[in-house]
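Below is one structure; the comments refer to it alone.
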Amino acid sequence: MKARLKPYLHWIILLALILLVIICGLLFAKTILSPSDYDYEQAAEEKSEQEDEKEGTYYVYGGTHGLPLHKEASKHSKIITVIGNGAPVEIITKSYRGYYKIRYKKQEGYVQGRYLLKYNQEAGSKLKERLTSDYPLYYVVNCEGHANMYRRRNSSSKVIATVEFGYRVRLLEKGRNNYYKVAYRNKIGYIESKYLSKYKHEK
């Protein structure tokens, strides 16, 4: 019996190895694309954007403090300005990674397409959460009455706004010299990092 099986032994081993590789591949795919890890909502959103390409005039959702307009199609690129909530913009062209090149008051730059609404309407809770995820809100803390918001990264530059204790600003960049770049009511400026926190403080 053993003599009969010997010529076929290497084929049996080869088939066993192939079967083992297939099983390992299926287990790996299941781990990588498990329902808990795969973002079906984001995939559906990207598919929807591909099917329904934006053109013409749209309205920006920017919350209380406005939506950053970037120089390039990335939220890490330079911020040109912030666009006020509900402001109309003109679509120039669709870029990549969900960004659109737009024109706003003679300025051109990039914003994420999800924040461009066809009609000037109230945004849903999911869109508000996404904006806070992309550009988090920080509380003003550790001050008696308010914190100064400066035009540049130093206290000798012009104060362009004062933000009351407990109010929130939108964080744009954690910069150098202990100053954070923030947006507050459609203005961009700098506040000392010691006056900002993710968490609300009591006086």
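Each principal axis of segment 84-136 carries a Cα extent, and these read 29, 24, 18 Å when sorted largest first.
Full extension of the chain between LEU26 and LYS78 yields a length gain of 14.4 nm, computed as 0.36 nm times the residue separation minus the alpha carbon distance.
Pairs with C-alpha atoms separated by more than 29 Å, drawn from the list LYS128/LYS181; LYS118/LYS174; LYS126/LYS158, are LYS118/LYS174; LYS126/LYS158. Let's see if you can work this out: charge +1 on each Lys and Arg Cβ, -1 on each Asp and Glu Cβ, no other charges. What is the dipole magnitude of segment 79-141 about its Cα centre, in debye to the nearest 20? Magnitude of the dipole: close to 200 debye. For segment 44-134, what does the relative contact order come out to in percent, with C-alpha contacts under 8 Å and a separation of six or more? Relative contact order for segment 44-134 comes out at 29 percent.
With a Cα-only, solvent-free Debye model of segment 44-134, what are the log10 I(q)/I(0) values at q = 0.21, 0.23 Å⁻¹? Debye output, listed in q order: -1.04, -1.28. Evaluated at q = 0.20, 0.27 Å⁻¹, the base-10 log of the normalised Debye intensity for segment 137-197, with identical point scatterers placed on the Cα atoms, takes the values -0.61, -1.20.
A Förster distance of 22 Å, applied to the separation of the beta-carbon atoms of ASN186 and ASN142, puts the FRET efficiency at 0.30.
Where a number appears in this text, it was derived from the coordinates with a stated rule and is not lab data. Note that the structure is a prediction, hence the values are computed from the model and not measured. A quick note on method: Cβ atoms are made from the backbone with ideal geometry, for glycine too, and the neighbour counts reach across all protein chains shown.
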